Every structure is written in structure tokens, then in C-alpha cells.
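A short reminder: the numbers here are calculations on the coordinates, not readings from a lab. Because the structure is predicted, anything quoted here is derived from the model rather than measured. As a convention, Cβ positions derive from the backbone with ideal geometry for all residues, glycine included, and neighbour counts pool all protein chains shown.
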């Protein structure tokens, strides 16, 4: 059933479940979790909730996988308040929310542009001793960028760097280009320095944009110095940018 569900054969999975109900074979927790996952992937939230109610009525105790699946479905459908309420209900039980649970809800909040609530949820998980991972931080960086809070995003990049978490080039690109548009070039350079230290290989567009922003912001010497340094590191080509004609 798991293989069928993973390959999108939810109709076949449903047929097997019907056969089980017509016989004396009681679906196990694993079976219910597979059905829930299949139902959530197909976007059928009502059916997912019905399955949850059925498993509870048959004394099949849900586990954290069950709840994470339901939370994911609720968040995708925009039922954020209900997701938070469910998370609160789980606290202190045998299914206490962990990293995956919090990441799911934080992602849901971020998608709804409830950035403040997402940050509060982040603070809550830290207080409970749940260490945020690279996924948590990438979600929050994306959320902050969507509301143009690029300086706060840089602070999260610094946290990720200290924790030696993998930072994707897209996170750097979004933050640096956003800071350049806001003419916060000193902070953009901080993000750039982090990127140079990390093993990821950025494309020249990020550097090119920052150099242009520095130059047209009156920091021609800094732009020229950065340009030469990047050529030396073989990140940019010799003719990648011409500072001639930039106002001084």
C-alpha cells in the first residue's frame, strides 16, 4: 500500500481499504497513516479528517506521523488557526510536537504571510529545546524576504553559518538583491562575506548586482576593490563589469 500511495495510485489504495473493511482484517496504524498520506496528497482534507475520526473510533491510537500528516494537510488548505490549535493540543502528550511538526506549522504561517506568528512559533520551539534545522531557517528567511525584512534575514543566515547548516544559493540571492534594492549595501556585503566563506558556488549575477549597487551608490572604490577581488578568486571574468562612466 505504501508503494502504491507513493506512486499516486490512491484509487487502488482505497479499493484495498474497502476490502479490508469488508473482511475481518482491521487496518493497523501504519495502514491508516498510509491512507491519510494518500488522501492529503490528493488534496482531500475532508476525507483525511474522516479517516482520522474512523481510526480513533476503532481504538487505533494516532502517532506523531498521523498528526504531522494532518497538520500538513490543514496548513496547505489555509487552516492555520486549526493547525496551531492541534499543535497546542499535542503538547505534553505521547505525541508531543517535534522538529517536523513545528516546521510544518511555521511553513504554513509563512505561506500565509503571517511572518510575526511564524517567528513566535520559532521562538517557542527554541524555548522547548527543539533545535531549528536548515529547513526551519530557510522557511523563515523566505518569509522575511517576502515582507522585505532583509536585515533580519541576514541574522538568520549568520545563525545558519554558525550552526554549519547548508545555505542554498537562492537564500543568499534573495537577501543580497533585496538589500541592494533597499540601498543597504553594508549589510549586503555582510551577506556576501558569508557566502564567500561557505562551500556553495554562487553565480556571477549576485556579485555583479552588488558591485553595480555599490558603484551607483557612490562607493566606487569599494565596488572596484570587490570587483578585483572576485576576479582574483576567478568568480567573475575580467570584462564582467565596466566601472567607467559611474558617477564619483
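Put a dot 7 Å past each Cα toward the Cβ at residue 56 and residue 208; how far apart are the dots in nm?
Using points 7 Å along Cα→Cβ, the separation is 5.6 nm.
Can you tell me the order of 84-92, 29-37 when each peptide is scored by its average per-residue count of other Cβ atoms within 10 angstrom, highest first?
For the peptides 84-92, 29-37, the packing ranking is 29-37, 84-92.
Between residue 225 and residue 158, what is 0.36 nm times their sequence separation minus the Cα-Cα distance? Round to one decimal in nm. Can you show the working numbers first?
Values: separation 67, 0.36 × 67 = 24.12 nm, distance 2.38 nm.
Residue separation times 0.36 nm, minus the Cα-Cα distance, leaves 21.7 nm.
Which distance in nm do the two modelled labels at residue 89 and residue 166 give, with both placed 7 Å along the Cα-to-Cβ direction?
3.5
Packing-wise, with mean Cβ within 10 Å as the measure, how do 118-129, 101-112 rank, highest first? Each step should come with its number before you reach the end.
On the way: 118-129: 15.4, 101-112: 22.4.
So the peptides 118-129, 101-112, ranked by packing, come out 101-112, 118-129.
What full-extension length gain, to one decimal in nm, is calculated for residue 193 and residue 113 as 0.36 nm per residue of separation minus the Cα-Cα distance? Don't skip to the end; give the middle numbers.
Details: separation 80, 0.36 × 80 = 28.80 nm, distance 2.88 nm.
Result for the pair: 25.9 nm of gain on full extension.
Once both labels are modelled 7 Å past Cα along the beta-carbon direction, what's the residue 45-residue 96 spacing in nm?
For residue 45 paired with residue 96, the spin-label model returns 2.9 nm.
Take every Cα pair under 8 Å in the range 137-229 that's 6+ residues apart, average their separations, divide by the length, and report that relative contact order as a whole percent.
Details: 86 pairs, mean separation 21.4, N = 93.
Computed value for the range 137-229: 23 percent relative contact order.
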